[in-house]
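Take a look at the structure set out below.
The values are calculated or read from the model by the stated rules, or taken from the named source; none is laboratory data. Keep in mind it's a predicted model, so treat the numbers as computed, not measured. Note: ideal-geometry Cβ built from the backbone for every residue, glycine included; neighbour counts use all protein chains shown.
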Amino acid sequence: MASGFILKGHVLSFSGSPFDGERPEDAARLQEAVAVQDGRIAGAGTLAEMQALLPEAATVDHSGKLIMAGFVDAHVHYPQTAIIASWGKRLIDWLNSYTFPEEMRFADRAYADEIAARYLDLTAAHGTTTVCSYCTIHSESVDAFFAAAQARGQRVAAGKTCMDRNAPEGLRDTAQSAYDDSEALIGRWHGVDRLEYAITPRFSPTSTPEQLEAMGALWGKHPECLMQTHLSEQTDEIAWVRELFPQARDYLDTYEEFGLLGAKGLYGHAIHLEERERHRLRDYGAALIHCPTSNTFIGSGLFDMAGLMAEGQRIGLATDTGGGSSFSMLRTMAAAYEIGQLRGTPLHAAQLLWLATQGSAIALRMDGKIGNIKAGMEADLVVLDLASTPAISQRSERAEDVWEAVFPTIMMGDDRAISEVWIGGRRV
Ligand code: GUN
Ligand code: ZN
């Protein structure tokens, strides 16, 4: 498709962070059209400019709709797809009752293939074009996920979840096998097509100090990789970490001590942070990943978005499927808004949309490639119908600007609001 194509509508891009200035909307730009060629954004501007740029290209008219970068979900567990919305447990009981039994099934490559395909189909239907996923301890689960993403041409990050204690028989590796298996997977997948490996110790309670040390050594040897884990999600969990690591200054220290604190580190949840932890995370430029539907669903607590942004933390947004209760980044933005309200700091629509695209892309260190509409970026795009249901359209038709027009879709929208999705310039 050398001639490319042009999408016409409200094309949303960001020239900076809407958390930086006085008015969030000043960081956003709305243009008339975006041109795509050979899987990349050729440009954005007026329709006439785009037609001059790509004279052979067909124009698809999405007037009234919002065209933006595809959603980037910075923390998910694809193996938990089939146990999403499981009732009544808090974190540790939820892991033992629902998560671990399901994750056992991923020793079977055929089952892993089935769920990986189902997960990527569901998320694409919700407008998500990139995810960063935990897999299970089984290398097969990583192979299945990367193969499914590769077949779809998607940019994803993923890694083998490492656990060598406090997990059932059949779901434990060792310090050495976690190192060896992870390194083999890095060799097999990292940098192939659009795939990136994330070194993945699940969280301190399920790794011995020996395993954390091995993971730190592996990351030291492969600094090109992301590293993802969980941090300070629930107060019971934090108390458990204190018992398991009596020498540690705090939860983050259990990672820091073993070389698992770094700029390419992704720390999921990060709700109940101490002063020292906040300082260290900021000094390293590490990324905190906010998972709002998970935090309310599992009953974890209220992430301090305003305070953490004000002190200059790097923050991404994520569903945390299946601790999170939705595959949708729209629903996730709504939950982030509600948590902001409970803390007295509501987020602007521009901030929510930025978090779900560029914010997460920056967290994943992929912002040079995805998460915004700019010439040269990979063409992962979503077209949002701002009147997808009667409930939404009766509100959005009164809107006086685009932010008021999109906010009902953020709060009430679902996969019906996703008109079109493009991955690497190919329509899904
Ligand atoms: N902490 C350790 N593992 C998990 C997980 O799978 N989900 C959530 N929400 N928190 C975790
Ligand atoms: Zn998680």
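Condition first: part of a loop (DSSP other than H, G, I, E, B) and either touching a residue at least 60 places away in the same chain (Cβ under 8 Å) or among the acidic types (D, E) (or both). Now tell me which residues in segment 348-371 satisfy that.
Taking segment 348-371 as the starting set, the residues that turn out to be part of a loop (DSSP other than H, G, I, E, B) are 348, 364-371.
Matches in segment 348-371: H348, L364, R365, M366, D367, K369, I370, G371.
In this structure, does A363 turn out to be crowded, with 24+ Cβ neighbours inside 10 Å, small (G, A, S), over 17 Å from G64 (Cα atoms) and modelled with pLDDT of 95 or more? I'd like the intermediate steps shown before the answer.
Working: crowded, with 24+ Cβ neighbours inside 10 Å: yes; small (G, A, S): yes; over 17 Å from G64 (Cα atoms): yes; modelled with pLDDT of 95 or more: yes.
Here the answer is yes, as A363 does meet what is asked.
Can you list the strands (runs of 3 or more DSSP E) lying wholly within segment 34-142 that have 2 or more residues being within 16 Å of ligand 2 (Cβ to nearest atom) and within 28 Å of S419 (Cβ to Cβ)?
71-77, 128-134
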